[in-house]
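**Student:** Below you will find the structure I want to go over with you.
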Amino acid sequence: MKTAKHLLLILVLMLPVLASCKSDPEVDMHKVGLLQINETMVIAEGPFKQGMEDLNYVEGENLIYVYRSVDGNVGDLERLAQELVDEGVEVIVCISTQAAIAAHKVTQGTGIPVVFYLVADPANAGLVESYNHPGGNTTGVITGSEPTSGKRLEILQKVNPDIQNVLSLYSTDPTMLPAQEELRTAADQLGLTLVEHQVSNPDEARAAVNAVEPGTVDAIHIPADAMIANATEDAVLALSTRDRIPNIYVARKSKGLLAYGPSISNAGPQVALMVSKILKGSDPASIPVELPKKFDLIVNLDIAEQIDVDIPEDVLKIADVIIHQD
């Protein structure tokens, strides 16, 4: 009898606890897809995820990331974007223009929003109707790369005032053409000659760099095109080493000498805030496309030593990031 009374007493004492557990609302677990291309995009992923944590979206607690990426083979992007749709993600974050175009295409009619990151010209790519009023299921942060083309060429001139011929690869992708036009205008204004090669795939991009004859170019400019930047990184380093010439990218590359473009660490939180708004119910059609808030000049002194190119002090003084292993 005493045992029964004790059990009854324990149950009575536990009733408030059990009731409170039952009344606690379940934690909403959100699912976000990440569609990206190779190394530069992995670098961009970190600041975005940190931005999400700062907004109280913590991976494993109330947020699940579903990852899909390609190693430069942009032809797989639509298939991978469709996999994210099939996984039931609530929003797809796309890092690069090609990834955004693929996700935008496969999400039409699904109700799944797309937020892009490091996209050069979303209006020309058909991703948005306008920057202020995107009008569809897609919005994001642009690179702002076209107005900075002249700045990158100026930086190359600071490194070597004697440069004349600049190797310039660009894609057959029509969304990349406005940036190339801007680069041509900047080159004319600075008295430089672009040695241009239009390429349609990674093999063509690598072949174009490998085919450069010794002494025919004085510097290398790589555009805000993930396919070209990823495919040619080794070839660009080899050419720079052979001819002792500087190279510059839009986004940081581990084997690149210089980069000047949108600050990845600053743009990540911008994208995170957009995703947070969408997860809370905002319509991407009414979330304006944003410009980067900051641009970074990155100098890799380890690569400078490897290719035997001196970086002048006036360039180092204005660098936002200097990479050097002591």
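The values are calculated or read from the model by the stated rules, or taken from the named source; none is laboratory data. Predicted model only: the values in this text are computed from it and were never measured. Because the Cβ atoms are built from the backbone with ideal geometry, glycine has one as well, and the counts that use them run over all protein chains shown.
**Student:** Kindly check whether there is at least one residue in segment 40-57 that is farther than 24 Å from Arg252 by Cβ, at pLDDT 95 or above and either assigned to a helix (DSSP H, G or I) or not hydrophobic (A, V, I, L, M, F, W, C) (or both).
**Tutor:** yes
**Student:** Can you tell me how many residues in segment 121-130 are of a type in the set (A, V, I, L, M, F, W, C), in contact (Cβ under 8 Å) with a residue 40 or more places away in the chain and buried (at least 24 other Cβ atoms within 10 Å of the Cβ)?
**Tutor:** Residues that pass the stated criteria total 1.
**Student:** Can you confirm whether segment 103-125 contains a residue that is polar (S, T, N, Q) and under 19 Å from Ala44 (Cβ atoms)?
**Tutor:** Within segment 103-125, the subset polar (S, T, N, Q) is 107-108, 110, 124.
Within this subset, residues satisfying the condition of being under 19 Å from Ala44 (Cβ atoms) are none.
No, segment 103-125 contains no residue that is polar (S, T, N, Q) and under 19 Å from Ala44 (Cβ atoms).
**Student:** Moving on to the next point. Taking the condition closer than 15 Å to His221 by Cβ and either aromatic (Phe, Trp, Tyr) or modelled with pLDDT under 90 (or both), does Thr148 pass?
**Tutor:** Judged against the criteria, Thr148 is a match.
**Student:** Would you pick out the residues in segment 312-326 that are assigned to a loop (DSSP other than H, G, I, E, B), in contact with a Lys or Arg (Cβ under 9 Å, 6 or more places away or on another chain) and not acidic (Asp, Glu)?
**Tutor:** Pro312
**Student:** Need a quick list: strands (runs of 3 or more DSSP E) entirely within segment 219-262 having at least 1 residues that are within 16 Å of Val209 (Cα to Cα).
**Tutor:** Where strands (runs of 3 or more DSSP E) fall fully within segment 219-262 and carry at least 1 residues being within 16 Å of Val209 (Cα to Cα), they are 219-221, 247-249.
**Student:** Given the conditions (1) touching a strand residue (DSSP E or B) at 6+ places or on another chain (Cβ under 8 Å); (2) over 22 Å from Ala226 (Cα atoms), which single one is not true for Gln306?
**Tutor:** (1)
**Student:** If you don't mind, another one. Which one of these does Ile228 not meet: (1) within 25 Å of Gly75 (Cβ to Cβ); (2) in contact (Cβ under 8 Å) with a residue 24 or more places away in the chain; (3) more than 21 Å from the chain's Cα centre (by Cα)?
**Tutor:** All conditions are met except number (3).
**Student:** Here's a follow-up. Do you know which of the residues in segment 248-259 that are farther than 17 Å from Ile318 by Cα and without any contact (Cβ under 8 Å) to a residue 60 or more places away in the chain is surrounded by the most Cβ atoms within 10 Å (Cβ to Cβ)?
**Tutor:** Gly256
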